[in-house]
Amino acid sequence: MDFDLGPAATALRGQLRELVSAHMPPDFLGAFTDDPADLEAAQQFCRLLAERGLLCMSWPEEFGGRASSVWEQTVVREEMWAHHEPRGAQYMGVNWVGPILMRHGTPEQQRKHLPPIAAGEVIWCQGFSEPEAGSDLASLRTLARRDPEDPGGWLVNGQKIWTSYATMAQWCFLLARTSRIGEGETRKKQQGLTIFLVPMDDPAIQVRPIRTMLGPHHLNEVFFDDLRVTDADVLGEVGQGWSIVADVMSFERTGIARYARCERLLMAAPSVLGEHWDRLPAELRGRWTRMLTHCRRARLMAYRVVELQNAGQVKPGDAAAYRIAVTRLDQDSAEVLTEIVAGLPEDGETPPDAVMDRAHFRAEVEDHWRYSQASTVSSGSIEMQRILLSRALLAEGR
């Protein structure tokens, strides 16, 4: 299978790798560690990409992009994820908040929010999941009611959980219920939901971090206590938020090129191990080969969804199929890489022609393994992805 996207894409990959090498710490393993310097390095790198027109390449020029092809943006996505996402939390704004605002936002909302995202100056978080409303998102209970003191305002009360980056975000993409089942024309739980664009510095919002093995900042609880918002903060139409959520999911689930990091680590293993590579069990090296094959399968599925999105034809089943494949790849490759690392001597020297230091390779594999453990539930559980795919296949009569 030939995945060559052409000479322009090859040159762009080289440029991005040079920038990562020149501007990111050599031991960088992501922005969300116990060291604040890692987040600051990511923020600086994100602004550097923006200054060079590399952050939102496929966005229209009027919104701060370069009107480049979606394939150039795909190259950026792959290289960033392969190198532990040196954009930090910006991928959320770049990959789906921005495109969703372009599709559903008012001109005022677009002018307000898109330029700061394109400049790498703002972080967004996603206020979706709640206690007892994670995989079954439409069962959420955070409620937005009309403000009795302001006909054009709303009061939001409720709780969100597993909210990534809430401690550092300036804005929240918040999904709330504006009418309960049985009220007006609301007959199903997917109806009566509305999206609000909410500033996180409002004193009516309280954030409580949830400590996990993924490190600080990743997961949080968020509480809303009479948060005042207005009709100008509503994205799309009141009560019609679920249709936008479907759009969000298709962009979010393909926006992280997980296969790129898997492939980079797998390809690095033989050179890092050096002479120890041939001493590994044949069965383990066979599994390593299968993982590389699975990387290419996931890449092919990702490219298919990118093409469908570009044509405006992507469906939930398409994104779900990719999500299932790349989640399995994440976890299976992490297990293989962990076993490979176990074959490294503790005091052995890194071969002179190795692509990276052995100690750093160990650290990268460990980080990859930790992240893979959460991949079956983040961005929608793997069980829900299988349900979505099954429904899509049954609907098509396959």
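Can you give me the C-alpha center-to-center distance between the range 168-227 and the range 118-157, rounded to a whole angstrom?
The distance from the Cα centre of the range 168-227 to that of the range 118-157 comes to 3 Å.
Pick from 53, 317, 182: which residue has the top mean-square fluctuation in a GNM of the chain where Cα pairs under 10 Å get a spring?
182
Ranked from highest to lowest mean number of other Cβ atoms within 10 Å per residue, what is the order of the peptides 357-363, 126-132?
126-132, 357-363
Using the reciprocal of the averaged 1/r over all distinct C-alpha pairs, how large is the Kirkwood radius of the range 206-303 in Å?
For the range 206-303, inverting the mean 1/r across all distinct Cα pairs yields 18.4 Å.
Consider just the alpha-carbon atoms of the range 263-368 and return their Rg together with their Dmax, both in angstrom.
16.5, 54
Quick one: helix 258-273 against the long Cα principal axis of the chain, what's the angle to the nearest 10°, folded into 0 to 90?
20
Can you give the charge dipole size of the range 257-395 about its Cα centre, rounded to the nearest 20 debye, using +1 on the beta carbon of Lys and Arg and -1 on the beta carbon of Asp and Glu?
Charge dipole of the range 257-395: 960 debye, to the nearest 20.
From the mean inverse distance of alpha carbon pairs (Kirkwood) and the Cα radius of gyration, derive Rg over Rh for the range 125-240.
So for the range 125-240, dividing Rg by the Kirkwood Rh gives 0.97.
Round to the nearest 10 and give me the degree value, 0 to 90, for the angle of helix 382-395's Cα axis relative to the longest principal axis of the chain.
So the inclination is approximately 70 degrees.
Do the sum for the chain: with -39,500 (n - 2.57) for every DSSP H run of n ≥ 4, divided by all residues, what is the mean residue ellipticity at 222 nm, to the nearest 500 deg cm²/dmol?
-15000 deg cm²/dmol
Once the dipole of the chain is set up with Lys and Arg at +1 and Asp and Glu at -1 on Cβ about the Cα centre, which of 48, 117, 25 lies farthest towards its positive end?
Value computed over the given set: 117.
When all alpha-carbon pairs of the range 7-122 are counted, what percent fall beyond 20 Å?
Result for the distance tail: 38 percent.
How large is the dipole of the chain about the Cα centre if only Lys and Arg carry +1 and Asp and Glu carry -1, each at its Cβ, rounded to the nearest 20 debye?
1360
Quick one: compute a quarter of the convex hull surface over the Cα atoms of the chain and quote it in nm².
If you wrap the Cα atoms of the chain in a convex hull and average its projections, you get 20.9 nm².
Helix 241-254 versus the longest principal axis of the chain: what is the Cα-based angle in degrees, 0 to 90, to the nearest 10?
On a 0 to 90 degree scale, this one is about 10.
Could you check how many percent of all C-alpha pairs in the range 22-63 are farther apart than 13 Å?
Value for the range 22-63: 57 percent of Cα pairs lie more than 13 Å apart.
Computed from the coordinates by the stated procedures, all read-outs in this text should not be read as laboratory data. Everything numeric in this text was worked out from a predicted model, so none of it was measured. All Cβ positions, even for glycine, are placed from backbone atoms using ideal geometry, and neighbour counts span all protein chains on display.
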